[in-house]
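Written below as C-alpha coordinates is the structure these notes are about.
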Amino acid sequence: MREVVSQLLSAAAQFSGAVSDLVEEAREGAIKIRSNVGSGDTLTIAADGLRLLIEATDSDDNTDAAVNQLHGALIRFLEERP
(Lines give C-alpha, C1' and ligand atoms only; values in the text may rest on other atoms or scores of the structure.)
Protein backbone atom coordinates (compact mmCIF):
# COMPACT_ATOMS: atom_id res chain seq x y z
CA MET A 1 0.00 0.00 0.00
CA ARG A 2 2.82 2.38 0.84
CA GLU A 3 4.36 1.93 -2.60
CA VAL A 4 1.05 2.79 -4.29
CA VAL A 5 0.71 5.99 -2.25
CA SER A 6 4.28 6.93 -3.14
CA GLN A 7 3.65 6.30 -6.84
CA LEU A 8 0.43 8.31 -6.78
CA LEU A 9 2.14 11.23 -5.06
CA SER A 10 5.00 11.08 -7.55
CA ALA A 11 2.55 11.02 -10.46
CA ALA A 12 0.68 13.99 -8.98
CA ALA A 13 3.92 15.93 -8.55
CA GLN A 14 4.86 15.28 -12.18
CA PHE A 15 1.44 16.34 -13.44
CA SER A 16 1.48 19.41 -11.21
CA GLY A 17 4.82 20.48 -12.63
CA ALA A 18 3.65 19.93 -16.19
CA VAL A 19 0.44 21.90 -15.62
CA SER A 20 2.40 24.76 -14.03
CA ASP A 21 4.66 24.90 -17.09
CA LEU A 22 1.64 24.98 -19.41
CA VAL A 23 -0.11 27.72 -17.44
CA GLU A 24 3.07 29.81 -17.38
CA GLU A 25 3.53 29.40 -21.12
CA ALA A 26 -0.11 30.31 -21.77
CA ARG A 27 0.29 33.47 -19.71
CA GLU A 28 3.27 34.42 -21.85
CA GLY A 29 1.07 34.03 -24.91
CA ALA A 30 3.52 32.00 -26.99
CA ILE A 31 5.64 28.88 -26.84
CA LYS A 32 9.30 29.78 -26.57
CA ILE A 33 11.91 27.34 -27.85
CA ARG A 34 14.01 27.70 -24.71
CA SER A 35 11.12 27.17 -22.29
CA ASN A 36 10.21 23.85 -20.68
CA VAL A 37 7.23 23.51 -23.01
CA GLY A 38 9.13 24.46 -26.15
CA SER A 39 12.08 22.21 -25.38
CA GLY A 40 9.87 19.18 -24.77
CA ASP A 41 10.69 18.89 -21.06
CA THR A 42 7.06 19.40 -20.09
CA LEU A 43 5.98 16.59 -22.40
CA THR A 44 8.55 14.28 -20.82
CA ILE A 45 7.38 15.20 -17.33
CA ALA A 46 3.73 14.57 -18.25
CA ALA A 47 4.61 11.23 -19.88
CA ASP A 48 6.48 10.17 -16.75
CA GLY A 49 3.51 11.15 -14.61
CA LEU A 50 1.21 9.04 -16.77
CA ARG A 51 3.64 6.12 -16.54
CA LEU A 52 3.64 6.38 -12.75
CA LEU A 53 -0.17 6.54 -12.67
CA ILE A 54 -0.48 3.42 -14.81
CA GLU A 55 2.01 1.57 -12.62
CA ALA A 56 0.21 2.64 -9.43
CA THR A 57 -3.15 1.47 -10.72
CA ASP A 58 -1.86 -1.72 -12.36
CA SER A 59 -2.92 -5.03 -10.90
CA ASP A 60 -2.11 -8.64 -11.73
CA ASP A 61 -5.59 -9.19 -13.13
CA ASN A 62 -5.39 -6.20 -15.49
CA THR A 63 -5.95 -7.48 -19.02
CA ASP A 64 -6.53 -4.09 -20.66
CA ALA A 65 -4.37 -4.40 -23.76
CA ALA A 66 -4.68 -0.70 -24.60
CA VAL A 67 -3.34 0.36 -21.19
CA ASN A 68 -0.51 -2.16 -21.44
CA GLN A 69 0.35 -0.90 -24.92
CA LEU A 70 0.31 2.72 -23.73
CA HIS A 71 2.54 1.83 -20.78
CA GLY A 72 5.05 0.18 -23.10
CA ALA A 73 5.02 3.15 -25.45
CA LEU A 74 5.58 5.55 -22.54
CA ILE A 75 8.55 3.53 -21.32
CA ARG A 76 10.09 3.50 -24.81
CA PHE A 77 9.47 7.24 -25.18
CA LEU A 78 11.06 8.02 -21.82
CA GLU A 79 14.08 5.79 -22.51
CA GLU A 80 14.79 7.73 -25.71
CA ARG A 81 14.66 11.15 -23.99
CA PRO A 82 17.94 12.69 -22.84
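Points to keep in mind about this one:
- Test: GLU3 is farther than 18 Å from LEU74 by Cα and open to solvent by less than 50 Å² (accessible area, probe 1.4 Å): no
- For ALA56, the stated conditions do not hold, so it cannot be described as open to solvent by 50 Å² or more (accessible area, probe 1.4 Å) and either at pLDDT 90 or above or of a type in the set (A, V, I, L, M) (or both).
- Within region 29-65, considering residues that are among the β-branched types (Val, Ile, Thr) and assigned to a helix (DSSP H, G or I), the one farthest from VAL4 (Cα to Cα): VAL37
- Qualifying residues in region 20-43 (those that are within 24 Å of ARG76 (Cβ to Cβ) and of a type in the set (Val, Ile, Thr)) - the one surrounded by the most Cβ atoms within 10 Å (Cβ to Cβ): THR42
- Residue check, ALA13 modelled with pLDDT of 95 or more, under 10 Å from the mean Cα position of the chain (by Cα), assigned to a helix (DSSP H, G or I) and surrounded by fewer than 15 Cβ atoms within 10 Å (Cβ to Cβ): yes
The values are calculated or read from the model by the stated rules, or taken from the named source; none is laboratory data. In this text the structure is predicted, and so the values were computed from the model without any measurement. In this analysis, Cβ positions are derived from the backbone assuming ideal geometry, glycine residues included, and neighbour counts consider all displayed protein chains. These area figures cover heavy atoms from the full protein model, side chains too; ligands, DNA and RNA do not enter into them. Shrake-Rupley method; radii C 1.70, N 1.55, O 1.52, S 1.80 Å.
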